[in-house]
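Following: one structure in structure tokens, then a few remarks.
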Amino acid sequence: MLIGLISDSHDHVPNIETAVKILRERDVELVLHAGDFCSPFTIPPFEGVNLKGVFGNNDGDHYLILQKFSEIGATHLGSFGEVAVDGKTIALYHGTDAPITAALEQSGKYDIVVSGHTHEKKVEFIGNTLAVNPGTVHGFDEEATFAVLDTEAMDVKYVTID
């Protein structure tokens, strides 16, 4: 199964739209967003994809974000989520608290831990757990990235938004 991994979009709607377009072209079946959408207006561009997300530390109006998720048929998991797909258990957490992120990665409970927050790409096996940070879709005058996870191969490929 191909899963899109996104984090830290920080209101950058053009990059979100580009990422969603690419994910559709690649026939991704699920998109996991590790938080920091920031504003509710960043949710509608995800309409039509199977989106699950969590809150980040910069997400503003939680109530309206949840409403926008509902309007597009997406699933919001709160501040932390567990997703079971393709025989894998995935932890989805923004990564605001580094010791919590490390504990999730080292616990052995999850096949995959997806986090963001640092805006730094990361793909690392910690024991049998694949730890992934897709970088930042916003880019902040640096490289704007997201990732595609192949759950069968347990392989991550990064995509750079030009």
Please list the non-local residues whose amide H lies under 5 Å from the amide H of residue 126, H modeled 1.01 Å from N, same-chain partners needing a gap of 5 or more. 131
Around residue 89, which amide H atoms from residues at least 5 apart in sequence, or from another chain, sit under 5 Å from its own amide H, with H modelled in the peptide plane? 111, 112
For residue 117, list long-range residues whose amide hydrogen, built 1.01 Å from N in the peptide plane, is under 5 Å from its own amide hydrogen. 8
Taking GluC sites (Glu not before Pro) in a DSSP loop with at most 15 other Cβ atoms within 10 angstrom as exposed, one finds the longest site-free stretch of the chain at 48-119
Under 14 Å, Cβ to Cβ, from residue 69 - net charge with Lys/Arg +1 and Asp/Glu -1: -2
Karplus couplings for the stretch 124-131 from phi (6.51 cos²θ - 1.76 cosθ + 1.60, θ = phi - 60°), rounded to Hz, Gly and Pro as x? 8, 8, 10, x, 9, 9, 8, 9
Report the Cα centroid-to-centroid distance between the stretch 1-58 and the stretch 86-115 in angstrom, as an integer. 19 Å
From Cα coordinates alone, what are the radius of gyration and Dmax values for the chain in angstrom? 14.0, 39
As a test of the formula, what do you get for the chain when each DSSP H run with n ≥ 4 contributes -39,500 (n - 2.57) and the sum is divided by the residue count, at 222 nm and rounded to the nearest 500 deg cm²/dmol? -6000 deg cm²/dmol
Extension length gain for residue 66 and residue 13 (0.36 nm per residue less Cα distance), in nm, is 17.3 nm
Counting DSSP beta bridges with both partners in the chain, what percentage is antiparallel, nearest 5? 60 percent
Helix check for the chain. Which DSSP H runs span at least 15 Å along their own axis by Cα, with a mean Kyte-Doolittle hydropathy no less than 0.0? 13-25
Give me a comma-separated list of calculated 3J(HN,Hα) values for the stretch 150-155, in order, Karplus coefficients 6.51, -1.76, 1.60 applied at θ = phi - 60°, integers in Hz, x for any Gly or Pro. 9, 5, 6, 7, 6, 10
Please get the size of the charge dipole for the chain, origin at its Cα centre, with Cβ charges of +1 on Lys and Arg and -1 on Asp and Glu, quoted in debye to the nearest 20. 280 debye
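Each reported figure results from applying straightforward, stated rules to the coordinates on display, with no laboratory input. In this text, all values refer to a predicted model and were calculated from it rather than measured experimentally. Ideal geometry is used to build each Cβ from the backbone, glycine not excepted, and the neighbour counts take in all protein chains shown.
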